[in-house]
Amino acid sequence: MIYLSRKMIFSAAHSYSISEWSEEKNRLVFGPCSHLNGHGHDYTLEVMVKGRLDSNSGIVVNITDIQKIMNELVEKELDGKFLNKENAYFKEHIPTTENLVTYIWNELEYQFSNCDLHKITLRENDFLYSEKESLPMVHLTRKYHFSTAHRLHSDLLSEEENIEIFGKCNNPYGHGHNYYLEVTVSGKPDPITGMVTDLGQLDKIVENNVLKKFDHKHLNLDTDEFKHLNPTSENVAVVIWDLLKGDLDQLYKIGLYETEKNYFEYYGTDRE
């Protein structure tokens, strides 16, 4: 099985509001997104399909055919639209990123020939995106940033072994990174709000449980978690999972960028 994807960008406006709710309740649940005049985004849509390789052509499917199918939906129903007012589905459903990716999946699922739809990723901005596959669940990822210093050093290794394995990262005074943390939760979008989780509550949990502990700190010297644990990015990802899991039942994945070149994922022990 081979997987291939195509990206495109479209622009749309929307508003999150439930007419039966008071203005105060809408603002409490949806924050600034409840502004009735709306706001907008440049969305990045990635459609991934899967199929068998054709031995004669050397391809699974002509990628331009995928683009044509995407264009037909996006240009007719999404691009340049105020979704709540101009798309029939979103006149009845709040156009959250979770509902949008589900809508696009349902519209495209049976449109392809010689291949099957595998995954749709919809990025609302650089710090928020949703993913949908064949299961009813939708993944929602929120991205955060923190800056910290650390020294890669294990008390279980000799001085020579630490230097050999970690090199300059074993510098006794430490070094630092701009970490980017992706927290992914998973669930079925709420039929009323269209959300997998309350983003405001998610932000508070990550801020209180992780960012306040680690941002602008020296992990080895300033945190309890790494006083006796080597703060490799692998360990940092596992520790962040443990710090969040108790308050996030829907937690699905931790993604951690140490640098643009180094990325780490952790799904918890349930998927090991």
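The values are calculated or read from the model by the stated rules, or taken from the named source; none is laboratory data. Everything quoted here is computed from the prediction, not taken from an experiment. When we count neighbours, we look across all protein chains shown, and the Cβ atoms used for this are built from the backbone with ideal geometry, even at glycine.
Can you go through LEU219, LEU199, LEU229 and tell me which one is in contact (Cβ under 8 Å) with a residue 24 or more places away in the chain, surrounded by 15 or more Cβ atoms within 10 Å (Cβ to Cβ) and more than 21 Å from the chain's Cα centre (by Cα)?
Values: LEU199 fails: more than 21 Å from the chain's Cα centre (by Cα); LEU229 fails: in contact (Cβ under 8 Å) with a residue 24 or more places away in the chain.
One residue alone meets the criteria, LEU219.
Take the conditions at pLDDT 95 or above, touching a Ser or Thr at 6+ places or on another chain (Cβ under 7 Å) and not assigned by TED's automatic domain parsing to the domain that holds ARG6 and apply them to LEU122. Does it pass? Can you show your working first?
Details: at pLDDT 95 or above: yes; touching a Ser or Thr at 6+ places or on another chain (Cβ under 7 Å): yes; not assigned by TED's automatic domain parsing to the domain that holds ARG6: no.
Answer is no for this residue.
Would you check which residues across the range 24-45 are within 23 Å of the chain's Cα centre (by Cα) and in a helix (DSSP H, G or I) and list them?
VAL29, PHE30, GLY31, PRO32, CYS33, SER34
Taking the stated definitions as given, is ILE59 touching a helix residue (DSSP H, G or I) at 6+ places or on another chain (Cβ under 7 Å) and either part of a helix (DSSP H, G or I) or loosely packed, with under 15 Cβ neighbours inside 10 Å (or both)? Explain how you work it out, then say what you get.
Working: touching a helix residue (DSSP H, G or I) at 6+ places or on another chain (Cβ under 7 Å): no; either part of a helix (DSSP H, G or I) or loosely packed, with under 15 Cβ neighbours inside 10 Å (or both): yes.
For ILE59, the condition - touching a helix residue (DSSP H, G or I) at 6+ places or on another chain (Cβ under 7 Å) and either part of a helix (DSSP H, G or I) or loosely packed, with under 15 Cβ neighbours inside 10 Å (or both) - is not met.
Scan the range 137-164 for residues that are of a type in the set (A, V, I, L, M), farther than 30 Å from THR102 by Cα and outside any loop (DSSP other than H, G, I, E, B) and jot them down. Even if it seems obvious, please write down each step before you answer.
Taking the range 137-164 as the starting set, the residues that turn out to be of a type in the set (A, V, I, L, M) are 137-138, 140, 149, 152, 156-157, 163.
Those still in the list that are farther than 30 Å from THR102 by Cα too: 149, 152, 156-157, 163.
ALA149, ILE163 - these are the residues of the range 137-164 that are of a type in the set (A, V, I, L, M), farther than 30 Å from THR102 by Cα and outside any loop (DSSP other than H, G, I, E, B).
Between GLU260, GLU234, GLU265, which is surrounded by fewer than 17 Cβ atoms within 10 Å (Cβ to Cβ) and either over 18 Å from the mean Cα position of the chain (by Cα) or not charged (D, E, K, R) (or both)? Spell out how you get there, then give the answer.
On the way: GLU260 fails: either over 18 Å from the mean Cα position of the chain (by Cα) or not charged (D, E, K, R) (or both); GLU265 fails: either over 18 Å from the mean Cα position of the chain (by Cα) or not charged (D, E, K, R) (or both).
Answer to the check: GLU234.
Assigned by TED's automatic domain parsing to the domain that holds PHE112, over 19 Å from GLY200 (Cα atoms), in a strand (DSSP E or B) and in contact with a Cys (Cβ under 9 Å, 6 or more places away or on another chain): does that describe LYS50? Can you show your working first?
Working: assigned by TED's automatic domain parsing to the domain that holds PHE112: yes; over 19 Å from GLY200 (Cα atoms): yes; in a strand (DSSP E or B): yes; in contact with a Cys (Cβ under 9 Å, 6 or more places away or on another chain): yes.
Here the answer is yes, as LYS50 does meet what is asked.
When residues of the range 150-192 are filtered for being in contact (Cβ under 8 Å) with a residue 24 or more places away in the chain, crowded, with 18+ Cβ neighbours inside 10 Å and more than 17 Å from the chain's Cα centre (by Cα), how many remain?
Within the range 150-192, residues that are in contact (Cβ under 8 Å) with a residue 24 or more places away in the chain, crowded, with 18+ Cβ neighbours inside 10 Å and more than 17 Å from the chain's Cα centre (by Cα) number 5.
From the set of residues in the range 100-120 that are in a helix (DSSP H, G or I) and without any contact (Cβ under 8 Å) to a residue 24 or more places away in the chain, which is nearest to ILE69 (Cα to Cα)? Quick ask: steps written out before the conclusion?
Let us first name the residues in the range 100-120 that are in a helix (DSSP H, G or I), namely 100-108.
Keeping just the survivors that are without any contact (Cβ under 8 Å) to a residue 24 or more places away in the chain gives 103, 106.
Working: TYR103: 15, ASN106: 13 Å.
If we take residues in the range 100-120 being in a helix (DSSP H, G or I) and without any contact (Cβ under 8 Å) to a residue 24 or more places away in the chain, then ASN106 is nearest to ILE69 (Cα to Cα).
Mind checking which residues of the range 5-44 are among the aliphatic types (A, V, I, L, M), surrounded by 15 or more Cβ atoms within 10 Å (Cβ to Cβ) and at pLDDT 95 or above?
Within the range 5-44, the first condition is being among the aliphatic types (A, V, I, L, M), and the residues that meet it are 8-9, 12-13, 18, 28-29, 36.
Still in the running and surrounded by 15 or more Cβ atoms within 10 Å (Cβ to Cβ): 8, 12-13, 18, 29.
Once the filter is applied, which keeps residues that are among the aliphatic types (A, V, I, L, M), surrounded by 15 or more Cβ atoms within 10 Å (Cβ to Cβ) and at pLDDT 95 or above, the range 5-44 yields MET8, ALA12, ALA13.
Please tell me if LEU78 is within 24 Å of PRO189 (Cβ to Cβ), assigned by TED's automatic domain parsing to the domain that holds THR97 and modelled with pLDDT under 95.
Numbers: within 24 Å of PRO189 (Cβ to Cβ): yes; assigned by TED's automatic domain parsing to the domain that holds THR97: yes; modelled with pLDDT under 95: no.
When the stated conditions are applied, LEU78 does not pass them.
When you check TYR129 against the structure, is it over 26 Å from SER17 (Cβ atoms) and of a type in the set (Phe, Trp, Tyr), yes or no?
On the way: over 26 Å from SER17 (Cβ atoms): no; of a type in the set (Phe, Trp, Tyr): yes.
Judged against the criteria, TYR129 is not a match.
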